[in-house]
Every structure is written in C-alpha cells, then in structure tokens.
Amino acid sequence: MKVGLFIPCYINQLYPQVGIATLELLERLKVEVVYPSGQTCCGQPMANSGYENESEGACKNFVENFKNFDYIVTPSGSCAYHVKKHYDIIEQTPSVKNVRNNIYELCDFIVNILKIKNVGATFPFKVGVHKSCHGLRGLRLGSCSEIVGDSYSYIENLLQEVKGSQIMPLSRADECCGFGGTFAVTEEAVSVKMGKDKIKDHLDNGVEVITATDTSCLMHLEGLINRNNQPLKVMHIAEILNSQIAETI
Amino acid sequence: MSHPKLASIFNKDEQKVNWHDKALWFVRHKRDLSVHQVKGWETLRELGHNIKAHTLSNLDNYLVEFETNALKNGIQVHWAANAKEHNTIVHQILEEHGAKKVVKSKSMLTEECHLNPYLEDRGIEVIDTDLGERIVQLAKEPPSHIVLPAIHKNRHEVDKLFQEHLHTKPCDGDPQYLTQEARKHLREKFINADAAITGVNFAIAETGGFVVCTNEGNADMGTHLAPIHIACMGFEKLIPKQEHLGVFLRLLARSATGQPITTYSSHFKRPMNGNKMHIVIVDNGRAEQLGRPDFRKSLHCIRCGACMNTCPIYRRSGGHSYDATIPGPIGSILSPGKDLTKHSSLPFASTLCGSCSDVCPVKIDIHSQLYKWRQIITKETKQPFVKKKSMVFMGKLFSKPKQFERIGKIGRWALRSLPQSMINAKPNVWGKSRDLPKGPKQSFDEWYRNRMKKSQ
C-alpha cells in the first residue's frame with residue numbers, strides 16, 4: 001500500500017505540528033507514507049471565493065504530485081472534499097480520477113481503510129469535538145443532526161479509544177464555526193459571532209480542548225480564544241491521536 | 001446595501017442577535033424532534049424531490065391539464081408572464097366587481113410582485129391577515145422570514161406597534177392580550193371584505209384544485225366570507241396527482257415548524273354558489289431559472305423555511321440583511337437569477353456548511369448552487385480590485401511550489417516578528433476580533449527535509 005501524505009498549505013506554513021503528528025501517527029500504525037515535496041494547495045481558497053478558474057494550476061499541481069499513490073491521506077476533511085467534489089473543472093484523465101477516488105481524510109482512512117479504532121494514544125482531558133462541515137456533510141465522516149438515520153462518527157470512534165480522554169457533549173452538536181475560508185473576512189461580523197457562540201457552547205459544557213478534523217476551523221476558534229483570553233485549547237485530532245501524555249490522577 | 005454591511009449593522013446589537021438565533025434554533029430543533037420520529041423520512045424527501053423534478057420536466061403538459069380541470073370546476077384561470085401582468089390581472093378582477101376591501105392570507109408570490117402597493121395606489125385596501133404578516137404590514141416592513149414574517153420583532157415591539165395602530169393598551173408585551181386584539185381587529189376586516197386573496201401551496205393537475213396551508217385559519221376566514229377568491233401561484237407549485245399531496249403535506253409542516261401537519265390544510269376545488277374563484281398562474285422569471293441546468297432544482301422549493309431556521313448565518317444576520325423577497329439560503333440561489341448585480345453578495349453569505357441542503361425536505365442542493373453562483377458572479381459582475389488580484393496571485397503561487405515556499409517563509413517571519421499592533425491593524429479584517437497564529441520558524445516542508453537528511 002503506497003500512501004501519499006497531503007499537508008494542506010496553511011498547515012504546512014502555520015501549523016507544522018499537525019503535519020508532524022499526522023505523519024508520526026501513520027508511521028506508528030505501520031503505514032508506509034511518502035510526502036511528495038512539490039505539493040502546495042488543493043485549490044479550495046480560490047474556488048470557494050468564486051475563482052475556480054484561477055485554481056486550475058493548483059489542481060494540476062496536486063494531481064501531478066499524487067497521481068501514483070494507492071491512497072492520499074490528509075489531515076483535512078475540507079481539502080479532501082474539495083478534491084473529490086470540485087476537481088471536475090480539469091480534464092478527467094485517469095490520474096485525475098485516481099486522485100479524486102483515493103483521497104481520504106485522516107480519521108476516515110484509519111477507521112475505514114486501516115480498520116483500526118484504538119491507535120494507542122493517551123490524552124487525559126475533556127475534549128469537545130467540532131465536527132467540521134465539509135468533512136461532516138461533504139464527506140459524511142459522521143451522521144449530522146439534519147438527516148434521519150443511524151448515528152455514527154469516525155472522529156469519535158477514534159477518540160473513544162483514547163486513554164483518559166472524555167468526549168463532552170455539546171448543545172449544538174454540529175453547527176458551523178463560521179470560518180468558511182474568505183467568508184471569515186468578507187462576512188467578518190457574522191463569522192466572529194458564529195465563532196464566539198461555538199466557543200461558548202464548548203465552555204458551557206466543560207470542554208478543555210476543542211478538536212476537529214480541520215485546522216482551519218480551529219485557527220478561527222483559536223484566534224478568538226487567544227484574543228479573549230479564554231481557558232480553552234485547540235488541537236487537531238492528529239495531535240491527540242499521536243499523544244502519549246501520562247494520565248494524571 | 002450588500003449582505004455583509006447589513007449583517008454587520010444587525011450584529012451591533014448582540015442581545016438581539018442572540019434571541020433571534022435562539023428563536024430560530026428552537027424551531028429547527030422542533031423540526032429535528034418531529035422528523036426523527038417519522039419512519040422513512042429520508043424516503044419521503046427523496047419522493048418529494050423526484051415528484052418535483054418530474055413535474056418541472058413535464059410542466060407544459062401538467063399546466064394544461066391543470067387549466068383544463070380547473071376550468072371544468074368553474075375556476076377562472078389567468079396567466080401572467082411577470083409581476084406587472086400579475087398585478088394588472090388581480091386589479092382588473094377586483095375592479096370588475098367593484099371590490100375595494102381585500103383580505104389577503106400569506107403569499108410570498110404577491111410579496112415578490114409587490115401587489116400590496118400596486119393595489120393601494122389604486123385605492124384598494126389590502127389587509128394581510130396572517131398575524132406575522134399583519135405585524136410587518138403595520139410596521140411598513142417586508143417579511144424577514146417566509147414562514148415567520150415578524151420573527152425579527154419581539155413582543156415588546158409588537159406591543160408598541162399595536163398601541164400605535166390598533167390603539168391597544170400598554171400590556172408589557174403580553175402575547176395573549178396582543179393576539180386577542182389582533183383577532184378582534186382582523187375579524188372586522190374579514191367580515192367587511194369584498195375579496196380574498198390567497199397564495200397556493202400545492203395545485204393539483206389531476207383535479208384542477210389547490211391547497212392552501214395555514215396555522216391561523218385566516219385563508220379560510222377570508223375565502224369563506226368574501227364573494228371573490230383570487231389565488232396567486234408561481235407555476236412551480238404544481239404537482240401531478242392528488243395522491244402526491246400526502247408526501248408534501250407530511251414534509252411541509254414538519255420541516256417548517258416541527259408540526260405533523262399545519263392546523264389548516266384547506267382544499268379548494270370550485271367556487272361556492274354565486275361566488276367567483278380565480279387563479280393567477282405566474283412565471284416572473286421562473287421559466288428562465290428552469291432553463292438553467294445548474295439552478296433549476298431551486299424551483300423544487302415548497303417554501304417551508306427550514307433552510308432559514310438552520311442557517312447559522314441567517315440566524316445571526318436577520319432576514320432583512322438579504323434585501324430580497326425570499327431571504328436565507330434558498331433566497332440566495334433564487335435571487336441572483338432575477339438580478340445578478342443587486343444580489344451578488346448573497347451566494348457569498350454562506351460558509352457552504354451544507355446544513356441547508358441536508359435539512360431541505362425536497363433535497364435541493366442549495367450549498368452546491370451557492371458555489372456555482374459564486375463562479376458566475378465573479379465573471380459577470382464587477383469585483384473588488386483587491387479580491388480579484390489576490391485570487392490571481394494565489395492561483396499562480398499555488399501552481400509553483402518553489403515560489404509558495406519562499407512566500408510562506410516571508411509570511412511566517414512577519415507573523416513571528418512584527419508587533420501584534422501592526423499585524424492586527426487595518427486592513428487586516430481578520431485581526432479585528434481574532435488573533436492570527438504565531439508564525440512557526442519551520443514549515444512542515446522544512447521539518448520533513450531535515451528529517452530525511454538526518455535519516456540518510
């Protein structure tokens with residue numbers, strides 16, 4: 001099994017620890033991972049802003065880097081969704097089809113391809129799960145509150161097995177945090193209000209650490225938490241699953 | 001004004017945003033409790049979707065079938081290509097009968113056509129009889145929600161408004177008193193009305209009849225008392241058969257308010273003896289929307305308002321921030337089809353979270369259509385210079401890995417080294433209320449390269 005690691009542009013530049021945790025975790029799970037060095041971005045920032053055409057170069061660069069892997073794994077539901085859903089703007093060569101078919105968000109890959117639930121992590125904290133929208137309603141990484149059906153969640157499947165961590169239920173289980181890419185800037189007032197409300201829900205429910213499949217949501221929430229000096233931390237799920245923090249009594 | 005501007009004005013009063021959000025979330029939550037009790041809810045949605053898709057693809061035949069059967073029933077059928085024709089037709093009918101006083105039950109179509117001011121200008125009194133609609137009519141405002149038109153007003157505001165217009169006593173916003181007074185006021189209007197106008201929720205081709213859903217019974221009060229009933233419908237309200245009603249009536253009220261069914265589902269088929277019944281079938285841009293492959297599904301909409309209740313942006317920006325007849329997510333995919341420039345900010349008033357598509361009872365892919373409108377808007381309307389240039393710049397940057405690395409390095413240095421006051425100053429909109437992350441010394445790329453070197 002040949003696995004290519006895709007580290008989204010902003011994680012690469014601003015949150016390298018998330019990339020490192022992802023790589024170390026996959027290696028610990030005995031996956032042979034390669035990180036292609038010419039990768040940049042999936043193209044989402046331009047496309048979601050209405051400039052799909054400007055993202056073609058990024059799409060092609062992505063395909064070039066990842067066309068020869070059995071699986072592409074990334075610590076981002078949003079980027080994986082973008083490749084799957086919106087790479088219809090470039091010619092559908094076998095390489096493009098492969099890439100769209102083989103890209104997986106990290107938790108999805110661990111639960112459904114590796115078929116592992118206990119990754120051997122220890123993380124003795126009260127955790128609030130932020131179910132990032134593109135992963136949830138795009139990739140269906142879990143059931144959402146709107147749809148009637150069986151309840152499931154890949155991120156929670158993994159977290160439940162993490163020693164010491166306790167998943168805290170929220171009042172609004174899967175409401176958007178308000179990041180939304182350029183929305184965070186163009187609709188600043190609403191974006192900030194959504195983030196504040198989201199943080200309050202976590203605080204009201206005794207959460208110590210907010211986690212998610214996407215660092216972009218967490219960057220927005222962290223920005224607010226830091227500005228307002230709130231007693232919360234954000235960590236990508238890869239960082240928790242790669243944690244070996246000793247349990248304190 | 002654009003959506004972001006109006007939304008930021010709405011957000012100046014955080015308490016108001018909080019109760020607006022909570023009131024609508026309460027409705028969304030009621031919807032959840034209700035639909036999760038229905039076995040086969042997802043199958044119902046699928047059925048609703050397919051019936052609508054089928055009807056829209058065979059609309060020519062079904063419209064003719066409906067007209068034929070309605071005429072047989074003694075209903076007079078009128079066709080209006082646009083809002084102006086619709087208003088003219090309605091006015092002519094009223095004029096022919098010398099009708100001066102009109103009661104109207106909820107109809108988003110007549111809002112869309114601006115019927116009220118048209119009739120008022122011609123000396124006709126039009127009274128909206130749905131309580132919420134009456135409230136906004138008295139306040140001289142458009143509805144801010146299609147099911148809950150006055151959701152942006154709290155009971156104290158209604159108290160003041162009624163004191164002013166209905167001469168009620170101050171009551172500290174007592175809802176029971178206010179409702180009773182509204183009831184008295186409206187009773188008089190019902191009794192004296194010369195004509196009743198209603199919307200149409202579903203028109204049935206097979207029978208030539210139609211159904212109007214209300215919770216207040218105001219459509220029945222109006223139409224049973226007045227000698228003339230004019231029903232106005234957009235052509236997408238058509239369904240082929242009577243048996244399809246069961247699907248939509250089950251979907252509609254649960255999605256709208258969490259009720260199993262609206263209090264009144266009134267079936268109209270023929271006029272009462274001596275009375276007149278008219279139906280005005282309106283296009284007003286619908287045929288054009290039907291001709292847009294990416295957006296035709298927006299015509300599936302049954303106007304339940306669930307996408308508004310679920311939308312985290314709608315709840316925190318208010319219906320008026322959309323400056324369109326139909327606000328919220330569904331309005332944001334309908335309105336650009338009518339006036340792309342005026343409504344160009346609406347498809348961007350979304351994080352593309354997808355909740356609207358998942359809550360929609362007829363499975364309209366609302367968030368995908370928002371994405372598609374964005375692609376059109378950036379091409380066909382004027383865009384801010386900075387936005388356009390930065391997108392072109394980013395597009396180029398991300399297609400050249402070496403350049404990406406170089407720029408990333410500079411960016412990280414700036415975030416790490418420059419003082420916060422400088423980083424968060426204008427024009428960094430992000431920094432107004434949020435910190436930016438500290439720029440790390442090493443990117444993942446650099447860390448990975450070092451690691452490879454060490455292992456060699």
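The values are calculated or read from the model by the stated rules, or taken from the named source; none is laboratory data. What you are looking at is a predicted structure, and each value in this text was computed from that prediction instead of being measured. Cβ sites come from the backbone with ideal geometry, for glycine too, and all protein chains shown count toward neighbours.
Examine region B:310-321 for a residue that is in contact with a helix residue (DSSP H, G or I) (Cβ under 9 Å, 6 or more places away or on another chain), touching a residue at least 12 places away in the same chain (Cβ under 8 Å), surrounded by fewer than 20 Cβ atoms within 10 Å (Cβ to Cβ) and not assigned by TED's automatic domain parsing to the domain that holds residue B:144, and state whether such a residue exists. Before you say what the answer is, go through the steps one by one.
Start the filter on region B:310-321 by keeping residues that are in contact with a helix residue (DSSP H, G or I) (Cβ under 9 Å, 6 or more places away or on another chain), which leaves B:310-321.
Now narrow it down to the ones that are touching a residue at least 12 places away in the same chain (Cβ under 8 Å): B:310-321.
Adding the requirement that they be surrounded by fewer than 20 Cβ atoms within 10 Å (Cβ to Cβ) leaves B:320.
Subset that is not assigned by TED's automatic domain parsing to the domain that holds residue B:144: B:320.
Scanning region B:310-321, I find at least one residue that is in contact with a helix residue (DSSP H, G or I) (Cβ under 9 Å, 6 or more places away or on another chain), touching a residue at least 12 places away in the same chain (Cβ under 8 Å), surrounded by fewer than 20 Cβ atoms within 10 Å (Cβ to Cβ) and not assigned by TED's automatic domain parsing to the domain that holds residue B:144, so the answer is yes.
Could you go through region B:386-409 and let me know if any residue there is facing chain A (nearest Cβ under 7 Å), farther than 30 Å from residue B:35 by Cβ and not in a helix (DSSP H, G or I). The answer is yes; a qualifying residue exists.
Condition check ((1) without any contact (Cβ under 8 Å) to a residue 12 or more places away in the chain; (2) part of a helix (DSSP H, G or I); (3) buried (at least 19 other Cβ atoms within 10 Å of the Cβ); (4) touching a strand residue (DSSP E or B) at 6+ places or on another chain (Cβ under 9 Å)) across all residues:
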| site | (1), (2), (3), (4) |
| --- | --- |
| B:149 | no, no, yes, yes |
| B:156 | no, yes, no, no |
| B:159 | no, yes, yes, no |
| B:172 | no, no, no, no |
| B:183 | yes, yes, no, no |
| B:191 | no, yes, no, no |
| B:200 | no, no, yes, yes |
| B:210 | no, no, yes, yes |
| B:216 | no, no, yes, yes |
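From the list B:447, B:430, B:373, the one residue that fits, being in contact (Cβ under 8 Å) with a residue 24 or more places away in the chain and either closer than 30 Å to residue A:24 by Cβ or surrounded by 14 or more Cβ atoms within 10 Å (Cβ to Cβ) (or both), is B:373. Pairs are defined by a Cβ separation below 8 Å, a sequence spacing of at least 6 or placement on different chains, a first member in region B:52-69 that is among the small types (Gly, Ala, Ser), and a second member that is crowded, with 18+ Cβ neighbours inside 10 Å and in a helix (DSSP H, G or I); the pairs so defined are B:53/B:297; B:53/B:300.
Looking at residue B:77, is it aliphatic (A, V, I, L, M), in the same structural domain as residue B:268 (by TED's automatic domain parsing) and in contact (Cβ under 8 Å) with a residue 40 or more places away in the chain? Spell out the reasoning first.
On the way: aliphatic (A, V, I, L, M): yes; in the same structural domain as residue B:268 (by TED's automatic domain parsing): yes; in contact (Cβ under 8 Å) with a residue 40 or more places away in the chain: yes.
Yes.
For region B:264-283, state whether one or more residues are at pLDDT 95 or above, closer than 22 Å to residue B:144 by Cβ, acidic (Asp, Glu) and surrounded by fewer than 22 Cβ atoms within 10 Å (Cβ to Cβ). No, the conditions are met nowhere in region B:264-283.
Criterion applied to B:142, B:117 was being under 23 Å from the mean Cα position of the chain (by Cα), loosely packed, with under 15 Cβ neighbours inside 10 Å and under 25 Å from residue B:335 (Cβ atoms), and the one residue passing it is B:117.
Of the set (1) among the aromatic types (Phe, Trp, Tyr); (2) touching a residue at least 60 places away in the same chain (Cβ under 8 Å); (3) surrounded by fewer than 24 Cβ atoms within 10 Å (Cβ to Cβ); (4) at the interface with chain B (Cβ under 10 Å from one of its Cβ atoms), all apply to residue A:35 but (2). Of everything in region B:361-385 that is touching an Asp or Glu at 6+ places or on another chain (Cβ under 8 Å) and part of a helix (DSSP H, G or I), the residue that is nearest to the other protein chains (Cβ to nearest Cβ) is B:375.
With the requirement that a residue be part of a loop (DSSP other than H, G, I, E, B) and either in contact (Cβ under 8 Å) with a residue 12 or more places away in the chain or in contact with a Pro (Cβ under 7 Å, 6 or more places away or on another chain) (or both), what does region B:32-51 give you? First the steps, then the outcome.
In the first step, residues of region B:32-51 are kept if they are part of a loop (DSSP other than H, G, I, E, B); the result is B:36-40.
If the condition is that a residue be part of a loop (DSSP other than H, G, I, E, B) and either in contact (Cβ under 8 Å) with a residue 12 or more places away in the chain or in contact with a Pro (Cβ under 7 Å, 6 or more places away or on another chain) (or both), then B:38 is the only one that fits.
Residue B:222: within 26 Å of the chain's Cα centre (by Cα) and either modelled with pLDDT of 95 or more or under 15 Å from residue B:270 (Cα atoms) (or both), yes or no?
Numbers: within 26 Å of the chain's Cα centre (by Cα): yes; either modelled with pLDDT of 95 or more or under 15 Å from residue B:270 (Cα atoms) (or both): yes.
So residue B:222 passes the test.
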